[in-house]
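Student: Structure provided below as structure tokens; questions to follow.
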Amino acid sequence: MIITQPANIEPHLIPILEKVSDPEIPVLTVLDLGVIREAIEEGTVVKVKLTPTYSGCPAMDVIGDDLKKAFEPLGKTVEVELVLSPAWSTDWISEAGLQKMEAYGIARPLSETADKEVLLGNAKKVICPQCKSTNTHLVSQFGSTACKALFKCDDCLEPFDYFKCLK
Amino acid sequence: MKEHLYNYIISIADNSLILAQRLGELCGHGPTLETDIAGTNISLDLIGQTRNYYQYAAKVQGEGKTEDDLAFLRLEREYKNVLLVEQPNDHFGYVMGRQYLFDVFHLLFMTEMLNSKDETLAAIAKKGIKEVSYHKRFSGDWVKRLGDGTEESNKKMQEAIDDLWVYTDELFDLTEADEAMIVEGIGVDTSKFKETYYKEVSKLLKESNIIVPEGKYFTRGGKKGIHSEYMGYILSDLQYMQRTYPNMEW
């Protein structure tokens, strides 16, 4: 079960926020990812609280700019505040987001314990997003972005990204 | 109080910045694609933490400076990082040795910083601790793999540890700012985990067939702004863009 930390987002802003996606994983919107912690409209200003997935995630600056662009045609300016606490967790990715991620070719994060096992190379539990086999192995603890590790499927032989569990 | 807090944040931030810069030098030059990506990933995590620290330090200072001013426009003596993090990437043994010796300290440090009375520092620790434990797992694995590998890799790992060992004691030096912040319940009292640090490091080194250095001489100075000969070169690289094109932004 996914426990989602409630974010304070005004419902009428959701359709606009849904148009902003993660530049690194374009199938995911910022809402799927759970990085928007608050979005409140005050007059012509939309105040957004954004939390980074990883401290150095370069996508955060881009997301901030994209939010400004999304609200610009509506005559609204956006004030982005970066919040660090509570720290983002992979539990905040919505189920819809996880499904989109898998369809895109990125394996979804496992539970904390299973994650440790697979990243130490002790267990074969990550499911290949291409052929659904669990006959997969870790190629690199670090992947193409801070949030991913690189895996390879030993059945269909395709390499793929695994979204690391973060809690 | 304000000045001590500023100096305190800067000294933590500078460790991460300079180590990130050293790792960044390897971008595109790592021994394999995976280690190359790992090095730059770790560098990126550290830069992210650094940005959070500098943004906070700039706010505390209250002179309207930005994170970029603090990262790029200070003079050598104004950087307060420990000497360990500025040591060069002579070979991969040095890169992983330096990383491991710092990561063990960094994780113990962040674990203590979670309890800081300063909310911002505690939040940075909460975020960073997950990243740092991942770094330590990676660097520790490599120290083991190289130390317990071939005759050649063992020799190189031993050489790196022997050379880097003299910089470890400085990690636990307390400056005036450190002491003032410990009294306030904001700063981390590193003396609390010095013994744990050496125990943990020695244990892994022994498992890796590396002889734990016994020398009692330690070099220090970085925390006071007195750096090794490498620092000037690091800064000239790091500051080049900002000095050449003042006020440039991404």
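The values are calculated or read from the model by the stated rules, or taken from the named source; none is laboratory data. Just so we're clear, the structure is a prediction, and the values are computed from it rather than from any experiment. Quick reminder, even Gly has a Cβ in these numbers, built from the backbone with ideal geometry, and neighbours come from all protein chains shown.
Student: For residues that are within 14 Å of chain B (Cβ to nearest Cβ) and more than 20 Å from A:Thr145 (Cβ to Cβ), tally how many sit in the stretch A:73-111.
Tutor: Of the residues in the stretch A:73-111, 5 are within 14 Å of chain B (Cβ to nearest Cβ) and more than 20 Å from A:Thr145 (Cβ to Cβ).
Student: State whether the residues of the stretch B:184-199 include one that is crowded, with 17+ Cβ neighbours inside 10 Å, in a helix (DSSP H, G or I) and within 14 Å of chain A (Cβ to nearest Cβ).
Tutor: Looking for residues that are crowded, with 17+ Cβ neighbours inside 10 Å, in a helix (DSSP H, G or I) and within 14 Å of chain A (Cβ to nearest Cβ), one finds none in the stretch B:184-199, hence no.
Student: Starting from the stretch B:112-139, take each residue that is at negative phi and among the basic types (Lys, Arg) and list its partners that are crowded, with 16+ Cβ neighbours inside 10 Å and at pLDDT 95 or above, counting only C-beta distances under 6 angstrom and pairs at least six apart or across chains.
Tutor: That search, which allows pairs on different chains as well, returns B:Lys117/B:Ile186; B:Lys136/B:Asp103; B:Lys136/B:Leu107.
Student: Could you list all residues from the stretch A:28-53 that are part of a loop (DSSP other than H, G, I, E, B) and either aliphatic (A, V, I, L, M) or more than 10 Å from the chain's Cα centre (by Cα) (or both)?
Tutor: Across the stretch A:28-53, the qualifying residues are A:Leu28, A:Val35, A:Gly43, A:Thr44, A:Thr51.
Student: For the subset of the stretch B:129-146 comprising residues that are facing chain A (nearest Cβ under 10 Å) and among the charged types (D, E, K, R), which member is surrounded by the most Cβ atoms within 10 Å (Cβ to Cβ)?
Tutor: Checked the stretch B:129-146; the qualifying residue surrounded by the most Cβ atoms within 10 Å (Cβ to Cβ) is B:Glu131.
Student: Now for a different question. Residues of the stretch B:121-170 being in contact with a His (Cβ under 7 Å, 6 or more places away or on another chain) and hydrophobic (A, V, I, L, M, F, W, C), which ones?
Tutor: B:Val132, the sole residue that qualifies.
Student: List pairs: first residue in the stretch B:196-211 and farther than 21 Å from B:Phe172 by Cβ, second residue among the basic types (Lys, Arg) anywhere in the structure, Cβ distance under 8 angstrom, at least six positions apart or on different chains.
Tutor: B:Glu207/B:Lys144; B:Ser208/B:Lys144
Student: Filter the stretch B:214-250 for residues that are loosely packed, with under 15 Cβ neighbours inside 10 Å and in a helix (DSSP H, G or I) and give the result.
Tutor: B:Lys224, B:Gly232, B:Tyr233, B:Ser236, B:Asp237, B:Tyr240, B:Met241, B:Arg243, B:Thr244 - these are the residues of the stretch B:214-250 that are loosely packed, with under 15 Cβ neighbours inside 10 Å and in a helix (DSSP H, G or I).
Student: May I ask you to say which residue of A:Ala96, A:Ala103 is touching a residue at least 40 places away in the same chain (Cβ under 8 Å), touching a helix residue (DSSP H, G or I) at 6+ places or on another chain (Cβ under 8 Å) and more than 26 Å from B:Thr120 (Cβ to Cβ)?
Tutor: A:Ala96
Student: Of all residues in the stretch A:81-99, which are outside any helix (DSSP H, G or I) and farther than 17 Å from A:Tyr54 by Cα?
Tutor: Within the stretch A:81-99, just A:Ser94 meets the criteria.
Student: Among the numbered conditions (1) within 14 Å of another protein chain (Cβ to nearest Cβ); (2) under 12 Å from the mean Cα position of the chain (by Cα); (3) not acidic (Asp, Glu), tell me where A:Gln141 comes up short.
Tutor: The one condition A:Gln141 does not meet is (2).
Student: So which residues in the stretch A:17-39 are out of contact with any Ser or Thr (no Cβ under 9 Å at 6 or more places or on another chain) and either among the charged types (D, E, K, R) or modelled with pLDDT under 95 (or both), if there are any at all?
Tutor: The answer is A:Pro23, A:Pro26, A:Glu38.
Student: Also: Read through the list (1) within 17 Å of A:Glu18 (Cα to Cα); (2) surrounded by fewer than 17 Cβ atoms within 10 Å (Cβ to Cβ), then give the number of the only condition that A:Asp61 fails.
Tutor: Condition (1) is where A:Asp61 drops out.
Student: Let me ask something else about it. Residues that are within 28 Å of A:Ala87 (Cα to Cα), exposed (fewer than 15 other Cβ atoms within 10 Å of the Cβ) and either in contact (Cβ under 8 Å) with a residue 60 or more places away in the chain or away from chain B (no Cβ under 14 Å) (or both): does the stretch A:145-164 have at least one?
Tutor: Looking for residues that are within 28 Å of A:Ala87 (Cα to Cα), exposed (fewer than 15 other Cβ atoms within 10 Å of the Cβ) and either in contact (Cβ under 8 Å) with a residue 60 or more places away in the chain or away from chain B (no Cβ under 14 Å) (or both), one finds none in the stretch A:145-164, hence no.
Student: Given the structure, is B:Ser116 within 14 Å of chain A (Cβ to nearest Cβ), in contact with a helix residue (DSSP H, G or I) (Cβ under 9 Å, 6 or more places away or on another chain) and outside any helix (DSSP H, G or I)?
Tutor: So B:Ser116 passes the test.
Student: Take the stretch B:56-75 and flag every residue that is within 13 Å of another protein chain (Cβ to nearest Cβ), at pLDDT 95 or above and either under 17 Å from the mean Cα position of the chain (by Cα) or within 21 Å of B:Glu131 (Cβ to Cβ) (or both).
Tutor: Within the stretch B:56-75, B:Tyr56 is the sole residue that qualifies.
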